[in-house]
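Chemist: My questions will all concern the structure given below.
The values are calculated or read from the model by the stated rules, or taken from the named source; none is laboratory data. Quick caveat: nothing in here was measured; it's all calculated off a predicted structure. FYI the Cβ positions are ideal-geometry reconstructions off the backbone, even for glycines, and counts take in every protein chain you see. Heavy atoms of the whole protein, side chains included, go into the accessibility calculation; ligands, DNA and RNA do not. Shrake-Rupley method; radii C 1.70, N 1.55, O 1.52, S 1.80 Å.
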Amino acid sequence: MALTFHRIHTTPAGGRRGRIELPHRAVQTPVFMPVGTAGSVKAVPQDILESLGAELILGNTYHLYLRPGHDAIRRMGGLHRFISWPRAMLTDSGGFQVFSLSQLRKVTDEGVRFRSHLDGSSHFFTPEHSMDVQISLGADIAMAFDECTEYPAERSRAEESLRLTMAWARRSLDHFRAHQHEVPWIHNVAPASRPAVAGASSPAPGGGITQSLFGIVQGGMYLDLRRQSAERLVEMDFDGYAIGGLSVGEPRDLTLEMIAEVLPLLPADKPRYVMGVGYPDEIEQYARMGVDMMDCVLPTRAARHGLLFTSQGRMTIKNRQYAEDQQPPDPNCNCMVCRRYTRAYLRHLMQAGEPLSATLNTIHNLAYYLGIMERVRASLAIHQAGGDRFVPEGRRENSPG
Ligand SMILES: [Zn+2]
């Protein structure tokens, strides 16, 4: 059984207070997912992520495939066990990094050949290979292999990219369905189908829930291509749906227009994930429109550059004005950093190049982002008493299976 999504309450504006039952965790939605690129949310230990209330974190398939390698992670029982993270995880397909980080990539209908940004070694990724890697990593949610259409893109380029992404979505789904029982931690399948690696299975996650696969809506900034993409993915019947190819340099009202166009086309009983967004006001806005999941490197990456998101706006902590400022970074924040440290100290750590700077800045920014989602969830659930437990009604009529 794949994930189940319970809608606890839906507001007139479409915002959904819900819960996603995943193998390793029931995740409260809308949820913000910190990005743990190479098996680590940079500078923050796992126990602190837990205390911040992170329920679902993201791992990057491209990075983990190159180092330490998905076969090694499988032998160690999967990504959860390898990084000692008992809660939920999601892996991306590797596509976005192949297209943004690697060199000399060559795209054919079959897949993408690219050179590693680490050592120049040559690799070939296909939808099937991306599924094999993601099944070995064993995150609760895997993503279909797609091509992220760049911005700006001519219509003919966006059409060709979409054609490829839709063909790869079909191949991703078929291969995933045929092999999803090979996930390293699965415990509720017939012994004959268990992975052959003795003693390497993780502690059994709950509920007999299996790994799930999401399809990714592409189509550049063309509304009709976005619609076409959403409709075709829904026909394929994925476990959830993402909107990709946004926040790639386009103006924000265009991002909003694409999300508003696609959301009503996606099944109400499946989670909806907008990839790679955004600023604090954006994640709140999209959550209120009915987006259930979001991820972004912004709070963690900005933190390492000394940019703090606060209730009073953005703060560049290395500015001279904070040199002897005895206030907490954000007087309205109750995180472990704001309870204990001053702006002056955070500025000093940054000026001195102390590693603790990245850690403390990141902890605050993540607390701020996760706090936004907590408040949005509370406000979406005001009429919770009238909510209902959603039970899927079986496969859609137009499902091929
Ligand atoms: Zn704080």
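Chemist: Just to check your reading of the model, which residue among Gly18, Gly77 is part of a loop (DSSP other than H, G, I, E, B), in contact (Cβ under 8 Å) with a residue 40 or more places away in the chain and not hydrophobic (A, V, I, L, M, F, W, C)?
Modeler: Values: Gly18 fails: part of a loop (DSSP other than H, G, I, E, B).
Selected residue: Gly77, the only one of Gly18, Gly77 that is part of a loop (DSSP other than H, G, I, E, B), in contact (Cβ under 8 Å) with a residue 40 or more places away in the chain and not hydrophobic (A, V, I, L, M, F, W, C).
Chemist: Identify all residues within region 6-15 that are within 14 Å of Glu284 (Cβ to Cβ) and touching a strand residue (DSSP E or B) at 6+ places or on another chain (Cβ under 9 Å); write none if there are none.
Modeler: Thr11, Gly15 - these are the residues of region 6-15 that are within 14 Å of Glu284 (Cβ to Cβ) and touching a strand residue (DSSP E or B) at 6+ places or on another chain (Cβ under 9 Å).
Chemist: Scanning region 342-378 for residues that are hydrophobic (A, V, I, L, M, F, W, C) and within 14 Å of the ligand (Cβ to nearest atom), which turns out farthest from Pro45 (Cα to Cα)? Walk me through it before giving the result.
Modeler: Within region 342-378, the subset hydrophobic (A, V, I, L, M, F, W, C) is 344, 346, 349-350, 352, 356, 358, 360, 363, 366-367, 370, 372-373, 376, 378.
Okay, now just the ones that are also within 14 Å of the ligand (Cβ to nearest atom), so 346, 360, 363, 366-367, 370, 372.
Working: Leu346: 19, Leu360: 11, Ile363: 10, Leu366: 13, Ala367: 14, Leu370: 16, Ile372: 21 Å.
It comes out as Ile372.
Chemist: Let me ask something else. Could you give me the residue pairs with C-beta distances under 8 Å whose first residue belongs to region 321-333 and is open to solvent by 80 Å² or more (accessible area, probe 1.4 Å), whose second residue is of a type in the set (A, V, I, L, M, F, W, C) and not in a loop (DSSP other than H, G, I, E, B) wherever it lies, and which are 6+ apart or on separate chains?
Modeler: Glu324/Ala344; Gln326/Ala344
Chemist: For Arg339, work out the one condition from (1) touching a residue at least 12 places away in the same chain (Cβ under 8 Å); (2) within 13 Å of the ligand (Cβ to nearest atom) it doesn't fulfil.
Modeler: The failed condition is (1).
Chemist: Here are some residues: Pro23, Pro45, Pro30. Which one is free of Cβ contacts under 8 Å to residues at least 24 places away in the same chain and either under 18 Å from Pro86 (Cβ atoms) or not acidic (Asp, Glu) (or both)? It would help to see each step written out before you state the result.
Modeler: Values: Pro23 fails: free of Cβ contacts under 8 Å to residues at least 24 places away in the same chain; Pro30 fails: free of Cβ contacts under 8 Å to residues at least 24 places away in the same chain.
Exactly one of Pro23, Pro45, Pro30 is free of Cβ contacts under 8 Å to residues at least 24 places away in the same chain and either under 18 Å from Pro86 (Cβ atoms) or not acidic (Asp, Glu) (or both), namely Pro45.
Chemist: (1) open to solvent by 60 Å² or more (accessible area, probe 1.4 Å); (2) within 14 Å of the ligand (Cβ to nearest atom): which one isn't true of Ile317, the others all being true?
Modeler: Exception for Ile317: condition (1).
Chemist: Here's something else I'd like to know. Would you be able to say whether some residue in region 259-282 is closer than 30 Å to Gly215 by Cβ and within 15 Å of the ligand (Cβ to nearest atom)?
Modeler: Yes; the residues of region 259-282 include at least one that is closer than 30 Å to Gly215 by Cβ and within 15 Å of the ligand (Cβ to nearest atom).
Chemist: Further, regarding this structure: Select from region 245-268 the residues that are surrounded by 15 or more Cβ atoms within 10 Å (Cβ to Cβ) and of a type outside the set (A, V, I, L, M, F, W, C) and list them in ascending order.
Modeler: Hits for region 245-268 are Gly245, Ser247, Glu250, Arg252, Thr255, Glu257, Glu261, Pro267.
Chemist: Residue under question is Ser130, and the condition is that it be out of contact with any helix residue (DSSP H, G or I) (no Cβ under 6 Å at 6 or more places or on another chain) and open to solvent by 10 Å² or more (accessible area, probe 1.4 Å); does it hold?
Modeler: Spelling it out, it is not the case that Ser130 is out of contact with any helix residue (DSSP H, G or I) (no Cβ under 6 Å at 6 or more places or on another chain) and open to solvent by 10 Å² or more (accessible area, probe 1.4 Å).
Chemist: Being more than 27 Å from Gln97 (Cβ to Cβ) and open to solvent by 50 Å² or more (accessible area, probe 1.4 Å) is the filter here, so list the residues in region 290-313 that pass it.
Modeler: Of everything in region 290-313, those that are more than 27 Å from Gln97 (Cβ to Cβ) and open to solvent by 50 Å² or more (accessible area, probe 1.4 Å) turn out to be Ser311, Gln312.
Chemist: Now for a different question. When region 80-98 is examined, which residues are found to be closer than 19 Å to Thr126 by Cα and part of a loop (DSSP other than H, G, I, E, B)?
Modeler: Hits for region 80-98 are Asp92, Ser93, Gly94.
Chemist: Any idea which residue in region 214-244 is most open to solvent (accessible area, probe 1.4 Å), counting only those that are touching a Lys or Arg at 6+ places or on another chain (Cβ under 9 Å) and part of a loop (DSSP other than H, G, I, E, B)?
Modeler: Tyr222
Chemist: Given the structure, is Leu58 of a type outside the set (Ser, Thr, Tyr) and under 21 Å from Thr359 (Cβ atoms)?
Modeler: Yes: the conditions hold for Leu58.
Chemist: Restricted to region 24-42, and to residues that are open to solvent by less than 40 Å² (accessible area, probe 1.4 Å) and among the small types (Gly, Ala, Ser), which residue is nearest to the chain's Cα centre (by Cα)?
Modeler: Just the residues of region 24-42 that are open to solvent by less than 40 Å² (accessible area, probe 1.4 Å), to begin with: 24, 26-27, 29-37, 39, 41.
Then keep just the ones that are among the small types (Gly, Ala, Ser); that gives 26, 36, 39.
Working: Ala26: 16, Gly36: 9, Gly39: 13 Å.
That would be Gly36.
Chemist: Restricting attention to region 324-335, which residues are near the ligand (Cβ under 8 Å from one of its atoms) and within 28 Å of the chain's Cα centre (by Cα)?
Modeler: Those that are near the ligand (Cβ under 8 Å from one of its atoms) and within 28 Å of the chain's Cα centre (by Cα): Pro329, Asp330, Cys333, Asn334, Cys335.
Chemist: Let me ask something additional. Any idea which residue in region 43-74 is nearest to Phe96 (Cα to Cα), counting only those that are in a loop (DSSP other than H, G, I, E, B) and under 18 Å from the mean Cα position of the chain (by Cα)?
Modeler: Taking the candidates together, the pick is Asn60.
Chemist: Right, something else. Name the residues in region 53-67 that are buried (at least 19 other Cβ atoms within 10 Å of the Cβ) and closer than 16 Å to Val27 by Cβ, would you?
Modeler: Ala54, Glu55, Leu56, Ile57, Leu58, Gly59
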